[in-house]
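No lab work stands behind these numbers, since they all come straight from the coordinates. These numbers come from a predicted model, not from an experiment. Heads up, the Cβs are rebuilt from the backbone with ideal geometry, glycines too, and the neighbour counts pull from every protein chain shown.
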Amino acid sequence: STVVLVFEAPLSFEFKVGAGQKVKVGEVLGDV
Amino acid sequence: LSAAWKDTPTKWYPLPLAVGALLLVAIDYRKNHTGKEVHLDEHGNEVVKLKGPWQVHVLGALPLRNLSRLWGYLNSLELPVWFRPFGFRLYSYIFGCNLDEIENTDLTQYKSLGDFFYRRLKDGVRPIADSVLVSPADGKVLHFGTISDLHVEQVKGITYSLDAFLGVENPSSPSSTVIEIPKTEHHDNKNHEVVTDEEFANVNGIQYSLGNLLGSGSTKSQQHQPRKTPTSTPSPSSSGTQTPDQTHLDPSQSVQDNLAHDATVAYEMGVRPALRRRSTSGSDVQEGHALNFVVIYLAPGDYHRFHSPTAWIVQKRRHFVGELFSVSPYMAKRLQNLFVLNERVALLGRWKHGFFGMVPVGATNVGSIKINFDSALRTNELHPRRSHPPPGTYTEATYSSASPILGGKPLNKGEEMGGFCLG
């Protein structure tokens, strides 16, 4: 199963994860 | 048998040409008559095709939905109590589940593998980070980035249409059914309406200035008191006698409280969704903003409930009935339009930066998607062959009745939203 997020954000938004990285609920994905 | 197994020589010989020709005809027939090649709408905006190497076409020929349902049925069977701890420990060992963090550590209490698969976690084992966007699920980040030209990159070099993925606004489409989700809170549905900044919400004859309710200042301590107009005094009870308790249960007072609560929620979220009619397709991005995406893959051993990744308001959901291909990284690299072909639930709404969409996508082993606040949603249902909706079509439900001011269902960051079930 997969969860896809699609969202509008300011250009200053930055992902804080890398492809292939394991994440858990509540961990940072990105920030403005 | 042993001798036959060891001594019988393997003899390879070519299949007759006719068999190969029949196979090709069967594949072509299936491709053209079972909806694999589909126009999303009658205007030809997007065509979804089953594309990929031969392995993909072999998988496409399998009855994946029926297999998924059978898998779900088998995993719903109640297991003997003595077998449960052993069986679930073995499963956890194979798929890497952490049994220390599950809510109910007594494994005999999980009746089936499906029950164990949809397990809860202990409170506090998933702290929510202080960030605008957090992970909605346990899993692996497959891909992320910025969406350009309304096309989402599935893997490097392979894209799919955002419109095909989320659906396009087309209320006249006969395949789109609008369902109003029954509200669970005490609101007056008849008087619910979308209003502009300058308008007032009118509920039970009491008018509220939304500007005052939502506030435009920067402090959270602002009082959100509704303004009652002189002409809108609630009519007294016909009996003329009211006890203090009855006064407390006055419906208009309850509505007033709910409105004030919703306004406070909206203020704290920084979201004002019901104030302007805006598209929820994500195509009207504000200047200085961009559309982003991230794909998180949940492996079989992962915790399979998903949570709200931010504070946002879900305004509608679109349920796309499709195929149930595996969504593993192996398939994502090979099957184009994988996420457009598969069954999925697109939850669309707004957050403080604009459009926000969250899409749980089903797979062969986990075809059922649950949304906690949407009991009307039914996924991976058995459809008779003739009435099976073609891929690309969806049924739509709006959550506007959940809150008159917010125009949808408000969710806090980290709040559990639903999950995936086996089969």
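Some notes on this structure:
- Relative to the current alpha-carbon distance between residue B:74 and residue B:130, full extension at 0.36 nm per residue lengthens the span by 16.0 nm.
- Number of partner chain Cβ atoms within 10 Å, mean per residue of B:139-150: 4
- Distance in nm between pseudo-label sites at residue B:382 and residue B:62 (7 Å out along the Cβ direction from Cα): 2.1 nm
- Footprinting exposure proxy for B:89, B:65 (fewest neighbouring C-beta atoms within 10 Å first): B:89, B:65
- Exposure proxy order (Cβ contacts within 10 Å, fewest to most) of A:2, B:159, B:10: B:10, B:159, A:2
- Placing pseudo-labels 7 Å out from each Cα toward the beta carbon at residue B:287 and residue B:30 gives an inter-label distance of 5.3 nm.
- Across peptide B:292-303, the mean count of Cβ atoms from other chains lying within 10 Å of each residue's own Cβ comes to 5.
- Low-density loop positions, GluC sites (Glu not before Pro), the range B:69-104 - DSSP coil, at most 11 other Cβ in 10 Å: B:78, B:103
- Taking amide H as placed 1.01 Å from N in the peptide plane, residue B:311 has its amide H under 5 Å from the amide H of B:413, each at least 5 places away in sequence or on another chain.
- Separation of the residue B:93 and residue B:22 label points, Cα + 7 Å toward Cβ, nm: 4.6 nm
- In plain terms, the residue of B:163, B:28 with the fewest other Cβ atoms within 10 Å comes first and the most crowded comes last, giving B:28, B:163.
- Candidates per GluC sites (Glu not before Pro) in the range B:284-381, loop by DSSP, up to 16 other Cβ within 10 Å: B:287, B:381
- The range B:341-366 and the range B:399-417 have Cα centres spaced 15 Å apart.
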